Amino acid sequence: MTSRERVLKAVNHEVPDRIPVDLGGTNATSIHVDEYIEIGKYLGIDLELPKVYDTFQMMARVEGPVMNWLHTDVIQVENYITAWDYPNKDWKPWKTTKGNPVLVPGAFHVETDAQGTYHLYDTKGREVAYMPSNGIYFDRNDSTAIRDEITFADPQAWKKSISCYTDEELRVMEKTAKFLHDNTDYFIFGDFRKCRLSSTASTFAGHSMPEWLCVLLTEEDYAREIVGVSAEKALENAKLYLDAVGPYINALFVSSTDFGTQRGELFNPEIFKRIYAPAYKMVNEFIHHYGDIKTFFHSCGSIKGFIPYFIEAGVDILNPVQYKAAGMDLETLKKSYGDKIVFWGGGLDTQHTLPFGTKEEIIEETKHNIRVLNQNGGAVFALTHNLQSGVPPENLELMLKTVLEYGGS
C-alpha cells in the first residue's frame, strides 16, 4: 500500500495496512530546525543549512532521507508567503540561538539589542516579534496587549484589509503541488494561510487575544459580523487557491486557531456554536463541493466541548488531540467521536513522555495510543504538536520502531 493509499483509507474511516504516520507533513506536525539538525547528527548525515520555511515556529523543511527515516506518509505544499509575509525565496544564511547554521528567507530581517534579544521586522519595516538571546521561537509583540479602551474595527474595512493571493503565489504553489502529486506517493497536504476565520493567539481585526476574548463575551453581534466577513474573504481566497492547487491535494489546513488551554476551553463552546460554526460550515462546504478534499482543523488544549460543533460544521480531521489536557481522554474521544471525525495526532505526548520518558514509558504509551486510535481506522499517528527542540533522537527512533511494530491492522 502506498503512503497516499494508506492515509486515504484512514481519513475515510477504513482500516489501512498500518496506521499512517505524519512527522513533518503539515504546518502543525513539523520539526523545529534545531531538533532537525540534531536528528541529522544522530543519523550521521549532514543536515546543516536546512531551510526554515516557517520563521514563526522555526520549522525546518524536511528532506527525503529524513522523511524516509521518519516513515512519514504525508508531505505538504508549503505556503509561498509565510509568517511576517516573507516569501520563501532568496534564501540566506543565519544562525539559531543554539549556533546552528540554517537558511532563512531573503526578506527575514532581525536586529539584536545590547541584551542579545532578536527584534524581528516584517516586510513593511515594522517590528512585529522578538526572541530572547536563549530562545528558540519568536513571540509576537502585541498578541497579549490590552488597551484601556477597545477600538472596534469596521467589518467591511477589515474584510478589505485581508489580502488575496497573488498570481505569483498561486503559480509557485500550483507547480509544487502538481510535481508532488505526479512524482511522489505521499498524501498531499495543502495549507491556505489566507483563509483564517479567527484567532485567539494573535491579533484579529486589530484585537489582541485578551481583547478578542472580551469581545466574544460582550459584543456578540460585532464578533459574529467580523467572523462572517472573514469567512466571505476566505471563500474568495479558497476559490483562487483551489483552482490552482485543488486537483493535486488530498487535504486542506483550514483553521489553526487554538480554542483550549491545558485545563479547559478558552470560552463557552456555545459561543463557538453561535459565532464561529456558521462561518466554518460555509467554508468547509465550499471545499467539499469543490472536490474530494478533507478539511483539517488544528486546536491545542482541552477542546472536548467544541468537538460536536466542529463535526456539525463539516470538519473532517482534528489535530493534535492533546490527550493529557483536561477532558481529552483518548478512549472517551474515540468512543464518542471516532466514527465522525479523524484524529490526526494523539500518538505520543510531546510535553513529557517523548522528551523525558523512560524507554518503557515511550513504548507502552505509544502502543496504548495506537491500540485506541487505530480501531476501525480514522486515525493518523502524529504527535501532540510539532517535534520540539531538545527531544533525544533515540527517543524518537524508539517511538517510530514501536509504531511500525504495533501499528499494523
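Annotations
- Taking the criterion of being in contact with a Gly (Cβ under 9 Å, 6 or more places away or on another chain) and within 25 Å of residue 21 (Cα to Cα), the residues of the range 74-90 that qualify are 74, 75, 76, 77.
- Residues satisfying the stated conditions in the range 27-52, i.e. of a type in the set (Val, Ile, Thr), surrounded by fewer than 23 Cβ atoms within 10 Å (Cβ to Cβ) and either in contact with a Leu (Cβ under 8 Å, 6 or more places away or on another chain) or under 24 Å from residue 345 (Cβ atoms) (or both): 39
- Just one of the listed residues (267, 286) is surrounded by fewer than 20 Cβ atoms within 10 Å (Cβ to Cβ), over 19 Å from the mean Cα position of the chain (by Cα) and not in a helix (DSSP H, G or I), namely 267.
- With respect to (1) modelled with pLDDT of 95 or more; (2) in contact with a Cys (Cβ under 9 Å, 6 or more places away or on another chain), the lone exception for residue 234 is condition (1).
- The range 355-409, subset touching a strand residue (DSSP E or B) at 6+ places or on another chain (Cβ under 6 Å) and not in a loop (DSSP other than H, G, I, E, B), residue surrounded by the fewest Cβ atoms within 10 Å (Cβ to Cβ): 408
For (1) modelled with pLDDT of 95 or more; (2) touching a strand residue (DSSP E or B) at 6+ places or on another chain (Cβ under 8 Å); (3) over 28 Å from residue 246 (Cα atoms), each residue gets a yes or a no:
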| position | (1), (2), (3) |
| --- | --- |
| 172 | yes, no, no |
| 183 | yes, no, no |
| 188 | yes, yes, no |
| 193 | no, yes, no |
| 203 | no, yes, yes |
| 208 | no, no, yes |
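- Pairs are defined by a Cβ separation below 7 Å, a sequence spacing of at least 6 or placement on different chains, a first member in the range 144-170 that is within 28 Å of residue 130 (Cα to Cα) and aromatic (Phe, Trp, Tyr), and a second member that is at pLDDT 90 or above and loosely packed, with under 15 Cβ neighbours inside 10 Å; no pair meets this definition.
- Filter pass, residue 313 being surrounded by 21 or more Cβ atoms within 10 Å (Cβ to Cβ) and either farther than 19 Å from residue 23 by Cα or of a type in the set (Gly, Ala, Ser) (or both): yes
- Only one of the numbered conditions (1) modelled with pLDDT of 95 or more; (2) part of a strand (DSSP E or B) is not met by residue 306, and that is (2).
- Test: residue 346 is part of a loop (DSSP other than H, G, I, E, B), touching a helix residue (DSSP H, G or I) at 6+ places or on another chain (Cβ under 8 Å) and crowded, with 16+ Cβ neighbours inside 10 Å: yes
- Hits in the range 79-106 (condition: surrounded by fewer than 19 Cβ atoms within 10 Å (Cβ to Cβ), assigned to a loop (DSSP other than H, G, I, E, B) and either touching a strand residue (DSSP E or B) at 6+ places or on another chain (Cβ under 8 Å) or of a type in the set (Ser, Thr, Tyr) (or both)): 91, 97, 106
- All positions within the range 100-125 that are under 25 Å from the mean Cα position of the chain (by Cα) and over 18 Å from residue 88 (Cα atoms): 100, 118, 119
- First in the range 370-396 and among the aromatic types (Phe, Trp, Tyr), second anywhere and part of a loop (DSSP other than H, G, I, E, B), Cβ under 8 Å, 6 or more apart: 381/19; 381/20; 381/22; 381/347; 381/407
The values are calculated or read from the model by the stated rules, or taken from the named source; none is laboratory data. Source: prediction; values computed, not measured. Because the Cβ atoms are built from the backbone with ideal geometry, glycine has one as well, and the counts that use them run over all protein chains shown.
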